[in-house]
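The block underneath contains the structure these notes are about, expressed in structure tokens.
The values are calculated or read from the model by the stated rules, or taken from the named source; none is laboratory data. What you see is a predicted model; the values in this text were computed from it and never measured. Here the Cβ positions follow ideal geometry from the backbone for every residue, glycine too, while neighbour counts run over all protein chains shown. The protein model used for the area step is the full one, side chains on, heavy atoms only, and it has no ligands, DNA or RNA in it. Shrake-Rupley method; radii C 1.70, N 1.55, O 1.52, S 1.80 Å.
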Amino acid sequence: MAFKIIASQCTQCGACEFECPSGAIKFKGETYVIDPKKCTECEGTFETQQCASVCPVSKTCVPA
Amino acid sequence: MSAPMISLQGLSGTTVFDQSPARAKSGGCASSSCGSSAKPHEMDSAVWEKIKDHPCFSEEAHHYFARMHVAVAPACNIQCNYCNRKYDCANESRPGVVSERLTPDQALRKVIGVANEVPQLSVLGIAGPGDACYDWKNTKATFQRVAKEIADIKLCISTNGLALPDRVAELAEMNVDHVTITINMVDPRIGAKIYPWIFYDNRRYTGVEAATILHERQMSGLEMLTARGILTKINSVMIPGVNDEHLIEVNKWVKERGAFLHNVMPLISDPAHGTHYGLSGQRGPKAMELKALQDRLEGGAKLMRHCRQCRADAVGLLGEDRGQEFTLDRLPDKVTYDASKRETYRAVVARERGDRLAAKSEALGMVKTAGSGKSLLVAVATKGGGRINEHFGHAKEFQVYEASPKGISFVGHRKVEQYCLGGRAEDKSLDGVISTLEGVDIVLCARIGNCPEDRLKEGGIRATEAYGYDYIETAIGALYAAEFGSEPLAATA
Ligand code: SF4
Ligand code: SF4
Ligand code: SF4
């Protein structure tokens, strides 16, 4: 299970990158991407997915 | 690259006047609004020392010194209804909008490039888009790198306050002596109408709960800054029907907690910006509504009247933006800081300022002797230096002053569409200028043509070039005396 970022919506603010507890988010080329192998959906760490909670654009960090 | 707005030559050639801070304190500043609306003589000298070269904190300094912003901290921990962080347009000039996001290294290159070209530069700020206290790694790296190269530059940040309490200790360590907090409410029920959500303690909060947390963090951040002697400016966005009346309460709260300045800014809402307020039809206040609120706040925390709501990558004196001249692609790959221009400029300003202080005091004498109870609203076209030195048709804004028995004070600026573009006068924009100048009695400028002068007259506004290149206060003093029927007295300064 993993989250993904809808690139066309992303503002490239980077907030998700530094909130992700799994180090799953990196800036690649033009946008931020989530590495599905690393993403844990924040399970066991936080109640809500950090990337989705901090992202300023709704429906940008969504279940893959 | 165009010449600096105030040329060094233009500023020199005036009488030498020793202007130590002590002198400035006892000088003739009682008349007008040097320093926010704060007068140097009312301020202790340590505070005056901190703000005297800061264009945003000192109304007097904004005639001489320039700031630059670098947008290095795009991440934010709250959402405001007047902000759309997806929006990014090079033609826009409004807060939170930026065309060039920088890494700390790029920011360093840009600051040095600007410092070498713009001798007025005194302040480096990090404001939006994003929150400088939340996106802390980038903020801190930028400040540290710049301070190492240009030791005398003043560092300042703007923040929504949510992460502020966590950063106060480090801000103090880095010698950041000015912080701006945007505070739009002290009642969370009003806050809930302005902030749809905040991200705090690893989760998203909404509604009154979110606004309560934000409010508590803002107040404790402000108190912590005050306790450490860091000067705090409060920005409030005036949102008609939402928090306009409430800002009187906000002003009291922030004053009690040691805020140095309160800056009430008008909401900018245009559907094209795609903000919640823009899309929902929430209007911004008119210039006279803003002035009326500011007048009611007088007596609370000191008001800032000269804010230009600059964009997050603005460069130059307040009211001008030379950011486009200093985009990364126009800067050399390698830059080395050369302090000489900034040093020469500072010496000239020290002299010129002393002169202007004396001129102000003389002008106040004139207004007082006129012995009239009336007040006069005057719009001035200026390029800086405290003089009437801009052509009517070239002005992108007018600085508005009020002369009354209380003195001569700066009340704000009014942005206009330039009337003369590329040598051709535009009739339509003249109508715009006239309506923007609503309430103004007289316009002072360096030059004006007969035609616009007549048109202004039809609109009930007089204009004159009679005081071209004089100090602003000198002209207003003479005007007031002439207007209200008393002979101008000789200088007393
Ligand atoms: S859901 Fe959690 S773990 Fe996955 S990318 Fe988002 S923040 Fe990282
Ligand atoms: S928080 Fe949202 S907008 Fe910001 S970089 Fe991550 S996905 Fe993009
Ligand atoms: S704090 Fe600044 S960047 Fe964040 S939402 Fe508000 S205006 Fe936008």
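Mind listing whichever residues of the range A:1-27 are under 14 Å from B:LYS86 (Cα atoms) and away from ligand 3 (no atom under 16 Å from the Cβ)?
A:ILE6, A:ALA7, A:SER8, A:GLN9
For (1) more than 25 Å from B:LEU231 (Cβ to Cβ); (2) surrounded by fewer than 21 Cβ atoms within 10 Å (Cβ to Cβ); (3) at pLDDT 85 or above; (4) not assigned by TED's automatic domain parsing to the domain that holds B:VAL186, each residue gets a yes or a no:
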| site | (1), (2), (3), (4) |
| --- | --- |
| B:VAL70 | no, no, no, no |
| B:CYS89 | yes, yes, no, no |
| B:LEU121 | no, no, no, no |
| B:ASP135 | no, no, yes, no |
| B:PHE143 | no, no, yes, no |
| B:ARG167 | no, no, yes, no |
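Counting just the residues of the range A:15-49 that are more than 17 Å from B:PRO74 (Cα to Cα) and within 12 Å of another protein chain (Cβ to nearest Cβ), which one comes out least open to solvent (accessible area, probe 1.4 Å)?
This residue is A:CYS42.
Quick check on A:GLN49: is it polar (S, T, N, Q) and within 16 Å of ligand 3 (Cβ to nearest atom)?
Working: polar (S, T, N, Q): yes; within 16 Å of ligand 3 (Cβ to nearest atom): no.
So A:GLN49 fails the test.
Would you mind telling me which numbered condition in (1) within 15 Å of B:LYS341 (Cα to Cα); (2) at pLDDT 85 or above; (3) not aliphatic (A, V, I, L, M) B:ASN116 fails?
With (1) within 15 Å of B:LYS341 (Cα to Cα); (2) at pLDDT 85 or above; (3) not aliphatic (A, V, I, L, M) applied to B:ASN116, the lone miss is (2).
Look at A:THR60 and say whether it is at the interface with chain B (Cβ under 9 Å from one of its Cβ atoms), within 10 Å of ligand 2 (Cβ to nearest atom) and surrounded by 15 or more Cβ atoms within 10 Å (Cβ to Cβ).
no
Within the range B:273-289, track down each residue that is of a type outside the set (A, V, I, L, M) and over 15 Å from A:PRO56 (Cβ atoms).
Of the residues in the range B:273-289, the ones of a type outside the set (A, V, I, L, M) are B:273-278, B:280-286, B:289.
Hits for the range B:273-289 are B:TYR277, B:GLY278, B:SER280, B:GLY281, B:GLN282, B:ARG283, B:GLY284, B:PRO285, B:LYS286, B:GLU289.
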